[in-house]
Structure formats: C-alpha cells, structure tokens
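Asks: Can you keep this structure in mind? I'll have questions shortly.
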Amino acid sequence: MLHILQTALELGFLYALVPMALFLSFRILDIADMTTDGCFVLGTAVSVTMAAAGHPFLAVPAAMLAGICAGFVTAFQQTRLGVPSILAGIITNMGLYTINLMVMGWSANVSLLKKTGIGGDWYEALLAICVTVLAGALLVYFLGTRLGLSIRATGNNIDMVRASSINPTFTITVGLCIANALTALSGAMVGQYQNTADINGGTGIVVIGLACLIIGETVLGRRGVARGVIATVIGSIIYRFIYAIVLYTKIMPVQGLKLVTAVIVALAIAFPTIRKWAAFQTRKNAAARRKGGHGAC
C-alpha cells in the first residue's frame with residue numbers, strides 16, 4: 001500500500017506540470033491548446049532518447065526546447081495564418097506524431113535498458129516535488145511581470161490589449177511556448193521515471209490534465225494566479241490517488257482501467273455543474289418547506 005501511495009504522489013507531481021500548462025493556455029490565454037498530447041510524447045521521446053545516449057540531465061532542457069518549438073508552431077498558425085486555435089493545435093499534434101517517431105528512431109517504443117535516468121526510491125518523489133514546485137513558483141513570478149500581465153490581459157480582452165499598443169501575436173506566442181515547455185518537461189520527467197517512451201503515451205493527456213485542473217479548482221477555487229497554480233498540483237495528486245486506490249482495491253481489473261479513467265475524468269469535469277444543481281435543489285427544497293410552513297399557519 002505504501003509503495004502504491006508513493007507512486008501516486010510521484011506521478012501526481014510529475015503530471016501536475018500538464019494541468020499547470022493548461023492553466024496557462026486554457027485559463028489565462030483562453031485558448032484550447034490541443035498540442036498537449038503530442039507535445040507530452042515529444043518531451044518523453046527527446047528525454048528518453050538523450051538519456052539512453054548518456055545525457056539524462058541535458059535531456060530535460062532539450063525536451064523543454066522541443067516543447068517551445070511545438071508551441072511556436074501552434075502559435076504561428078493561429079496568429080499569422082489565421083487558423084482557429086483548436087485546429088492549429090490539432091494540426092500540430094498530427095505533425096508531432098511523425099516528428100516523435102523520427103526522434104525515437106522510427107520505433108514506437110524506446111526503453112532505457114539500464115537505469116540511466118534520473119531517480120531512485122524516495123529520491124524520485126523529492127525530485128518530482130522540487131521540479132514541480134520550482135516550475136510553479138517561476139510561473140507565478142512570470143505572470144506577475146509586465147510581460148506576464150500582458151499575457152493575462154490578452155486572454156481577458158484581446159481588443160483592449162491591441163488598443164494599449166501591446167502586440168497580442170507576441171503575447172500569445174510566448175504564452176503557448178511556455179505552456180508547451182511545461183508539458184514537454186512533464187513528459188521528460190515521466191519518461192525518465194518510467195524508463196520508456198511510447199508513441200501513444202500522450203493519448204488523452206489533455207483531457208486528464210483538464211480534469212486535474214478542474215478538481216483542483218473545485219477544492220481551492222479560482223481566485224488568483226498563485227491559487228490556480230497550486231490547484232493544478234492538488235488536482236493532479238488527488239486524481240492519481242483515486243487511480244491508485246482503484247488499482248489497490250481491484251474494484252476494476254487492469255483491462256478496465258481506461259473505463260475508470262473515463263469515469264473519473266467525466267465526473268471531474270461535470271462536478272461544478274453537479275454542485276450547482278445540488279445547491280439549486282437545496283434552495284428549492286428549503287423554499288418549498290418555508291412556503292409549506294407559512295401555508296400551515
């Protein structure tokens with residue numbers, strides 16, 4: 001049980017970088033960036049390939065640089081070519097499938113036969129915590145700078161930004177580059193943690209990331225940038241703990257874990273609506289009881 005909880009904690013922090021990236025693109029910039037799935041695999045592929053070549057530490061910044069390039073391609077399509085944001089991300093994601101295969105030597109899987117990656121026992125958990133906390137702190141600091149405030153303003157009201165002589169093309173590009181760098185960083189750390197890269201390893205990661213973001217926001221609320229970043233970490237940890245409990249209790253066989261994931265994600269995304277409906281029903285029943293009491297008098 002302790003090992004399962006430790007693994008859930010480690011993966012919770014490692015994967016928290018994905019909802020953190022979605023917080024920047026989806027919540028701050030108000031852009032549904034569909035590059036996430038392919039960019040996560042890109043980070044994994046670059047990281048594992050370079051670690052296998054004997055450069056595990058150099059692999060992490062290289063993966064982030066690759067993520068920045070992916071974000072730039074998506075932003076270029078959106079801002080310069082007039083492609084809608086969702087389609088721009090989908091197009092980049094499709095192209096990344098081939099790019100990822102090229103990085104992995106045209107193989108669907110790349111493994112570290114010897115453990116040349118970063119990690120070892122609780123050191124892996126501590127490393128995951130340090131990387132995620134540092135990335136979150138830097139993101140909060142950046143969004144408080146002049147450029148960061150311009151990015152936040154772009155997501156809030158792009159017309160006002162143009163009227164203020166701020167170039168939204170630049171702010172959107174910087175925002176998407178940073179978001180995809182965080183996604184690639186997550187993929188890089190997960191790849192070295194699991195000692196493998198798989199071409200389908202990022203399937204559905206954007207939906208899971210959004211679910212983690214919503215879970216965290218449900219717990220902490222959506223007030224302030226710092227609280228939003230913390231919410232991404234908490235949501236990711238809660239999601240991984242739920243996943244670990246399902247595995248440990250064997251409520252569902254391993255073959256059915258995709259269904260469990262789908263249910264958890266659907267409930268997480270629908271929870272705010274369910275909560276509003278429950279609150280409305282509570283107020284409705286309370287009003288009916290008060291009306292009934294007055295009628296009895």
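Asks: Count, please, the residues in region 1-25 that happen to be outside any helix (DSSP H, G or I) and surrounded by fewer than 24 Cβ atoms within 10 Å (Cβ to Cβ).
Replies: The total comes to 1.
Asks: Quick check on Leu220: is it within 30 Å of Ala137 (Cβ to Cβ) and open to solvent by less than 50 Å² (accessible area, probe 1.4 Å)?
Replies: No, not satisfied.
Asks: Can I ask one more? Give all pairs with beta carbons closer than 9 Å in which a residue from region 103-114 that is under 15 Å from Gly187 (Cβ atoms) meets a residue that is modelled with pLDDT of 90 or more and part of a loop (DSSP other than H, G, I, E, B); count only pairs at least 6 apart in sequence or on separate chains.
Replies: Met104/Ile199; Asn109/Ile199; Val110/Met104
Asks: Being closer than 21 Å to Ala262 by Cβ, assigned to a helix (DSSP H, G or I) and open to solvent by 30 Å² or more (accessible area, probe 1.4 Å) is the filter here, so list the residues in region 187-207 that pass it.
Replies: Selection gives Val207 alone.
Asks: Hey, can you tell me all the residues within region 157-187 that are free of Cβ contacts under 8 Å to residues at least 40 places away in the same chain and under 18 Å from the mean Cα position of the chain (by Cα)?
Replies: Hit for region 157-187 is Val174, nothing else.
Asks: Just the residues that are open to solvent by 10 Å² or more (accessible area, probe 1.4 Å) and either among the small types (Gly, Ala, Ser) or in contact with a strand residue (DSSP E or B) (Cβ under 7 Å, 6 or more places away or on another chain) (or both), please, taken from region 45-58.
Replies: Thr49, Ala52, Ala53, Gly54
Asks: I would also like to ask the following. Look at Ala153 and say whether it is more than 30 Å from Leu5 (Cβ to Cβ), in contact with a helix residue (DSSP H, G or I) (Cβ under 6 Å, 6 or more places away or on another chain) and surrounded by fewer than 20 Cβ atoms within 10 Å (Cβ to Cβ).
Replies: Against the criterion (more than 30 Å from Leu5 (Cβ to Cβ), in contact with a helix residue (DSSP H, G or I) (Cβ under 6 Å, 6 or more places away or on another chain) and surrounded by fewer than 20 Cβ atoms within 10 Å (Cβ to Cβ)), Ala153 qualifies.
Asks: Please verify whether region 200-209 includes one or more residues that are in contact (Cβ under 8 Å) with a residue 60 or more places away in the chain and touching a Gly at 6+ places or on another chain (Cβ under 6 Å).
Replies: Scanning region 200-209, I find no residue that is in contact (Cβ under 8 Å) with a residue 60 or more places away in the chain and touching a Gly at 6+ places or on another chain (Cβ under 6 Å), so the answer is no.
Asks: Quick one: Ile31 ticks every box in (1) open to solvent by 30 Å² or more (accessible area, probe 1.4 Å); (2) in a loop (DSSP other than H, G, I, E, B) except a single one, so which number is it?
Replies: (1)
The values are calculated or read from the model by the stated rules, or taken from the named source; none is laboratory data. All values derive from a computational prediction rather than experimental measurement. Reconstructed Cβ throughout: ideal geometry from the backbone, glycine too, with neighbour counts over all protein chains shown. We work out accessible area using only protein heavy atoms, side chains counted, and drop any ligands, DNA or RNA first. Shrake-Rupley method; radii C 1.70, N 1.55, O 1.52, S 1.80 Å.
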